[in-house]
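The values are calculated or read from the model by the stated rules, or taken from the named source; none is laboratory data. Remember, it's a predicted structure, so these values are computed and weren't measured experimentally. Counting neighbours? That spans all protein chains shown, and the Cβs are built from the backbone with ideal geometry, glycine included. Keep in mind that these areas ignore ligands, DNA and RNA; they rest on the heavy atoms of the full protein, side chains included. Shrake-Rupley method; radii C 1.70, N 1.55, O 1.52, S 1.80 Å.
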Amino acid sequence: MMTINIEKKKKPQSLIIDIFIWFFLIGFAIIILAPLAFMFTASLMPSSDVMRLPYPWIPKTFYWQNFWQAIRGNDGSFIYIRNIINSVIVAVSITLSTVFLAALTGYGLAKFPFKGRNVVFLLIMTTMMIPFEAIMIPLYLIVTSFGWQDSYTGLIVPFLTNAFGVFLMRQYLITFPDEVIDAARIDGASEFGIFWRIIMPNSMPAVATLAILTFRSQWDNLLWPLLVVQSEEMKTIPLYIIKFSSEKYTNEGAMMAVAVIASLPMFILFFTLSKYFLSGSAVFSSRKG
């Protein structure tokens, strides 16, 4: 028997809509990626080429001196390396604590029925409505009273967890199968063992999403270190960028080199966890729908 495969042809209206969507997405991607392309290319050009109009998007030669100037600083102190280490310590510490505490709290609110659970969750969510600027001064006074100024403790402790992380983990875990948890309890697993060995490994999309967002927010945090830190040795990357860009002998290419170096950890983290991050976005989108 002869079978005939009939390929369905798209209607002209549908084809036009698809072409329009693709043009829109490509144009939007160009707008988003253009500043990144400028940053990377300008970091490899001398200052005279960076300021040229029209802008030459392809460097004639790779001007690596910009990166050397960015790392050593205009004064030759190499303080940028110490500032990078400070940012790594602060951002990684806050990310790990936020993921752990938010997941633990979200697990409790999602899977342990107790009186007033919804009220507790509502109170946690209420704190999301309070802008950081409103609590910044009281928080600074508390840190000062404890003697945590100009220290890792003062930079890390106020941000050990956040309400958004609790919300994210609770919403993800609320649909986690209760049968799996009950089976683990029957097998004799402790409550923390269930959380650590079952809940966390099976929550990687939410964990990766929270880790990337938390790391980015702390890596770019300028306002709080500006209040707490006084010495050059304890400054973080955003503070160094401000200082470096305002100095007299800083050229535009070196400024872009500083920005490129500061951006690399974020790119590495995102591409390392991208598969979990994208799957987490898909999961939350489907649940929202």
Problem set entry | Hull shadow area, averaged, region 12-72 [alpha-carbon convex hull, nm²] | 5.7 nm²
Exercise. Quick one: if the Förster radius is 41 Å, what FRET efficiency do residue 25 and residue 65 give, using the C-beta to C-beta distance and rounding to 0.05?
Worked result: 0.60
Seminar exercise, completed: Expressed to two decimals, the chain has a Cα Rg over Rh, using the Kirkwood radius, of 1.08
For this session: Could you order 240, 55 by accessible surface area, starting with the largest, using a probe radius of 1.4 Å?
Result: 55, 240
For this session: Quick one, could you list the DSSP H helices from the chain stretching 18 Å or more along their long axis (Cα atoms) with average Kyte-Doolittle hydropathy of 1.6 or above?
Result: 12-42, 132-145, 252-272
Seminar exercise, completed: Highest mean packing first, using Cβ neighbours within 10 angstrom, the peptides 118-127, 65-74 sort as 65-74, 118-127
Problem set entry | In Å², nearest 10: area of residue 178 left accessible to a 1.4 Å probe | 80 Å²
For this session: Sort 130-138, 261-269 for me by packing, meaning the mean count of neighbouring Cβ atoms within 10 Å per residue, highest on top.
Result: 261-269, 130-138
Exercise. Highest mean first, what order results for 105-117, 245-257 on Cβ atoms within 10 Å?
Worked result: 245-257, 105-117
Exercise. Dimensions of region 79-250 along principal axes (Cα, Å, largest first)?
Worked result: 67, 30, 24
For this session: Please compute the net charge surrounding residue 108, taking Lys and Arg as +1 and Asp and Glu as -1 over other residues with Cβ under 11 Å from its Cβ.
Result: +2
Seminar exercise, completed: In Å, the C-alpha Rg and Dmax of region 182-275 are 20.4, 69
Seminar exercise, completed: The summed charge of the residue 42 Cβ neighbourhood (under 10 Å; Lys/Arg +1, Asp/Glu -1) stands at -2
Exercise. Using only helices, what value at 222 nm comes out for the chain when you add -39,500 (n - 2.57) per DSSP H run of length 4 or more and divide by the total residues, to the nearest 500 deg cm²/dmol?
Worked result: -21500 deg cm²/dmol
Exercise. In whole Å, what three semi-axes, largest first, describe the equivalent ellipsoid of region 37-109 built from its Cα gyration tensor (square root of 5 times each eigenvalue)?
Worked result: 40, 19, 7
